[in-house]
Amino acid sequence: MNETLQTLLNRRSIRSYKGEQVSRDDLNQILKAGTYAASGSGKQSAVMVVVQDPEIIAKMSKMNAKVMGVTSDPFYGAPTVIVVFADKNVSTAVEDGSLVIGNLMNAAYSIGVSSCWIHRAREVFESEEGKKMMKGWGLDTEKYIGVGNCLLGYSDQEPTAAPRKENYIIRV
């Protein structure tokens, strides 16, 4: 089996991270892969905001937990969070952002970096506090919607895949 298929079959979502920050070189490779994600009509509607400041990550985690109705850390202590936004005026905005996150996670796994998709970016960045953060990052709050958060870091766990459900594939 080739390396790409191995990555796609073996990548798992990680929910426990070491404190070690993702190296600049690894992060740049992962981000580059995100920029090559497919997008509707090639419009590239997505934008990635890389957050490595622990205080900002803690703030975003708290906001995400509030939307979720919990007090736990939905970012699981990850040292890097990439927030993916997309231009809501593009009909494939959510799909475009989702493909970016998929590329980020698969690229990360392929070079030994762990990842996890965390939802609720839309709700977090629709809040007044979220809009204030977006403005501080130079994003137009009337143009962009949050698609998701991609956690990055290094894990000491080796999770296994759940069995695939029956009837996953229907051939016609």
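Miscellaneous remarks
- Checking every one of the GluC sites (Glu not before Pro) in the range 81-172 against DSSP loop status and a limit of 10 other Cβ atoms within 10 Å picks out GLU142, GLU166.
- Note on the chain: helix-only mean residue ellipticity at 222 nm, from DSSP H runs of 4+ residues weighted -39500 (n - 2.57) and normalised by residue number, equals -12000 deg cm²/dmol.
- Length added when fully stretched, ASN28-ASN106, from 0.36 nm per residue minus Cα-Cα: 26.7 nm
- Surrounding net charge for LYS88, when Lys and Arg each add one and Asp and Glu each subtract one, Cβ distance under 9 Å: -1
- Highest-first arrangement of 40-49, 101-110, where packing means the average Cβ count within 10 Å: 101-110, 40-49
- Gyration tensor (alpha-carbon) shape descriptor, the range 1-47, a/c threshold 1.5: oblate
- Shape class of the range 19-109 from the alpha-carbon gyration tensor: oblate, with a/c at 1.5 or above and b/c at least as large as a/b.
- The phi-based Karplus calculation (6.51 cos²θ - 1.76 cosθ + 1.60; θ = phi - 60°) puts the 3J(HN,Hα) values of the range 144-152 at 9, 10, x, 9, x, 10, 10, 7, 9 Hz, whole numbers, x for Gly and Pro.
- SER72-MET1 pseudo-label distance in nm [points 7 Å out on the Cα-to-Cβ vector]: 2.9
- Converting phi to 3J(HN,Hα) with the Karplus coefficients 6.51, -1.76 and 1.60 and the offset θ = phi - 60°, the range 38-44 yields 4, 8, x, 6, x, 6, 6 Hz in sequence order, with x at every glycine or proline.
- When the Gaussian network model of the chain links Cα atoms closer than 10 Å, the mean-square fluctuations of LYS66, LYS135, LYS88 top out at LYS135.
- Inter-site label distance for HIS119 and LYS43 at 7 Å from Cα along Cβ, in nm: 2.4
- The chain: relative contact order as a whole-number percent, Cα under 8 Å and 6+ apart: 33
- Cut-off 19 Å, label 7 Å out along Cα→Cβ of TYR36, residues of the range 72-103 by amide N: 96-103
Read-outs throughout are calculated quantities, based only on the coordinates presented, and are distinct from any laboratory measurement. Model, not experiment: these values are computed from the prediction. Note that each Cβ is placed from the backbone with ideal geometry, even for glycine, and that neighbours are counted across all protein chains shown.
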